[in-house]
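The structure follows.
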Amino acid sequence: SFITLDGDWDATVVIRRAGVAQDLEASFGITARDGKLLWTGIPEPVASRSNAAMALGGVWLAAAAILVVGAWRFRRQRLSLTYGLIGLAAVAIVLGSFLIALGSGLIAT
């Protein structure tokens with residue numbers, strides 16, 4: 001970033017169009033912190049400050065494990081139920097993995 005000093009800054013953008021005598025000015029606040037620029041007044045993403053997404057992802061993965069165990073127990077009695085439970089487990093694994101990746105910061109918000 002071009003702003004190396006931490007703190008709040010007021011930025012003004014001047015927009016000029018060829019052939020038009022009047023300029024358009026837009027002012028907004030910027031906060032510089034740790035080499036990053038953020039809009040003033042807008043908080044950082046929640047995923048970087050809490051582990052709620054990771055905990056919810058863990059719950060989904062635990063549910064997937066329960067579904068897989070249920071599918072294994074019903075494998076001989078009801079084949080259609082087994083396939084249904086495996087399908088639900090696959091969805092739970094994908095959703096849980098996504099939430100854990102989101103909470104750990106691997107996926108930017």
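Scan the stretch 65-99 for trypsin sites (Lys or Arg not before Pro) in coil per DSSP, keeping those whose Cβ has at most 14 other Cβ atoms within 10 Å, and list them by number.
In loop regions of the stretch 65-99 (DSSP not H, G, I, E or B), the sparsely surrounded trypsin sites (Lys or Arg not before Pro) are 75, 76, 78.
Could I ask something else about it? Calculate for the chain the 222 nm mean residue ellipticity that helices alone would give, adding -39,500 (n - 2.57) per DSSP H run of length 4 or more and normalising by residue count, nearest 500 deg cm²/dmol.
-15500 deg cm²/dmol, from helical runs alone.
Enumerate the amide H contacts of residue 9 below 5 Å, restricted to partners 5 or more residues apart or on another chain; note that Pro and chain-start residues carry no placed amide H.
Residues meeting the criterion, in which the H sits 1.01 Å from N, are 30, 31, 32.
Using the number of other C-beta atoms within 10 angstrom as an exposure proxy, rank 6, 34 with the fewest first.
34, 6
Using only the alpha-carbon atoms of the stretch 57-109, report the extent along each of the three principal axes, biggest first, to the nearest angstrom.
44, 14, 9
Also: Would you mind calculating the gained length between residue 25 and residue 62 on full extension (0.36 nm times residue separation, minus the Cα-Cα distance), in nm to one decimal?
Contour length minus the Cα-Cα distance gives 8.0 nm.
In addition: Highest mean first, how do 26-32, 81-87 rank when packing is the count of other Cβ atoms within 10 Å averaged over residues?
81-87, 26-32
Averaged across orientations, what area in nm² does the convex hull of the alpha carbons in the chain project?
Projected area, direction-averaged: 11.7 nm².
Round to the nearest 0.05 the FRET efficiency obtained for residue 73 and residue 98 when R0 = 35 Å and r is the Cβ-Cβ distance.
After rounding, the FRET efficiency stands at 0.80.
The numbers here are math on the coordinates, done by the rules we state, and not lab data. Owing to the predicted nature of the structure, the values given are computational and were not obtained by experimental measurement. Using ideal geometry, Cβ is built from the backbone for each residue, glycine included, and neighbour counts are taken over all protein chains shown.
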